[in-house]
Amino acid sequence: MDDKRWIDNFFEKGELQLSCFNKFRHYPNEIQGDAREGDAMCWFDDGNGNTHAFKYEAGLNSYVLSTTETLTDKVISDFKAVGAIKITNPTNFGMEISKRISFCNAGLEGRCNYALQYCERIDL
């Protein structure tokens, strides 16, 4: 975390800073920001040599808690971290958070492997 007050608030008041993909789109920092965060594309070959695709947006207003499995010097530097909260059971942690969010009826957790991809953008 880049601000010690979020760590203190978590342990002292039970507060947790969550964000959303839509907010990530507006961060100027390349590591934290991504103008296409939440964009996705699915494509398939129909067996006749034709490729079909569709683009969609997902999770733009969903709550997100970004974490890392491995705390390295690079992660600390990239995110200007001043401290961290170690979560030993992410599934149960997420379930406890969901109990405090009004109308929360589903959740998703998983690994995200960020990699640079070089693709040509085609606007239709």
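At-a-glance table
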quantity	calculated
Two-site FRET efficiency, ALA58 against CYS104, from Cβ-Cβ distance with R₀ of 22 Å, rounded to 0.05	0.85
Integer Hz, Karplus 6.51/-1.76/1.60 couplings in order for the stretch 88-104, x for Gly and Pro	8, 9, x, 4, 5, 4, x, 5, 5, 4, 4, 5, 9, 9, 4, 6, 6
Prolate/oblate/rounded call for the stretch 70-112, Cα gyration tensor, a/c under 1.5 rounded	prolate
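Bear in mind that the values in this text are calculations on the coordinates, not laboratory data. Since the structure is predicted, the reported quantities are computational estimates derived from the model, not experimental observations. When we count neighbours, we look across all protein chains shown, and the Cβ atoms used for this are built from the backbone with ideal geometry, even at glycine.
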